[in-house]
1. Quick check on the exposure proxy: order 37, 95 from fewest to most C-beta atoms within 10 angstrom.
2. For a protection proxy built on the mean count of beta-carbon atoms within 10 angstrom, sort 293-302, 207-216 highest first, please.
3. May I ask you to sort 38, 58 by Cβ crowding, counting other Cβ atoms within 10 Å and putting the fewest first?
4. Could you tell me the relative contact order of the chain? Use alpha-carbon pairs under 8 Å, at least six residues apart, and round to a whole percent.
5. Give, in nm to one decimal, the length gained when the segment between residue 252 and residue 303 is fully stretched (0.36 nm per residue of separation minus the Cα-Cα distance).
6. When a/c reaches 1.5 or more, the comparison of a/b and b/c decides; with that in mind, is the stretch 154-213 rounded, prolate or oblate per its Cα gyration tensor?
7. Going by alpha carbons, how many degrees (0 to 90, nearest 10) lie between the helix axis of 40-65 and the longest principal axis of the chain?
8. Could you tell me the relative contact order of the stretch 176-244? Use alpha-carbon pairs under 8 Å, at least six residues apart, and round to a whole percent.
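Values in this text are rule-based calculations from the coordinates and carry no lab data. Because the structure is a prediction, the values reported are computed rather than measured. Quick reminder, even Gly has a Cβ in these numbers, built from the backbone with ideal geometry, and neighbours come from all protein chains shown.
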């Protein structure tokens, strides 16, 4: 019995099961203490509400594993989403709504790839901290969105554009279907590809990774490229759900995405993290937000709660890592 107790390590246990147990506890607490929480419509609504943030979280997960950060995600989805809407409006009359939708999605993906590519290139080429680079992109992207739209919402898209954010595939919302597909894709990239192994190696110890022949700059650039593509998909999904292109949209979304990653067990110091954890983290934050809304809690208090969540998550990350290190 003493041997079993001595072998138990809280850090390892929490790292493996903590986030899932936290989800179960919060879900049960909300089901018991919040009226109308445990209902089909509300649970579906939670998944729809977290889709954009979760997809952003999938993208920034790759960046955070490297020890970098992207604080421009909210501005990126505003710019990319508005450009997608503008392409849709311009192309739907000469090409028809279906082709216009395809062109709008392609335009969004290209723009997302360009933004992500520029982020990765500048950061690695000039050794600029990712925080500073993406902080600059925040202003540039937001200003570009306002400039292109004249500060006004983009409207006039065919109803087919709204299907992405508002439609259903059987009983499943299209946004949730997209979320599941992207989860699978990102999980495979992180866990079953050479790039995924290189990503964790560079995030864990960049000098050791380079000594073993890994080109760390290429890894960083690809990570930011993936981040940009996820932001593009999130931007189209967000504007489709809104039904208009909103140049002022996406404020604090980068914070929500990072919160989902950290609550899901991703270390801001780099070297660790999972796509599954990010999904669970997003669901946890989504349930907490939804429960507060159903209870009528003031929106200002909700912001305070979000801030405390990420602070507690970071503290837990530090404590569990120390506990795990002592066991070695």
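1. Details: 37 19, 95 13.
Fewest to most other Cβ atoms nearby, the residues stand as 95, 37.
2. On the way: 293-302: 11.0, 207-216: 12.7.
Ranking the peptides 293-302, 207-216 by packing returns 207-216, 293-302.
3. On the way: 38 13, 58 30.
Ascending number of Cβ neighbours within 10 Å: 38, 58.
4. Numbers: 545 pairs, mean separation 112.2, N = 328.
Dividing the mean separation by the residue count of the chain yields 34 percent.
5. Values: separation 51, 0.36 × 51 = 18.36 nm, distance 1.00 nm.
Result: 17.4 nm gained on full extension.
6. On the way: a/c = 5.65, a/b = 2.74, b/c = 2.06.
It comes out prolate by the Cα gyration axes.
7. 70 degrees
8. Numbers: 24 pairs, mean separation 10.9, N = 69.
That works out to 16 percent.
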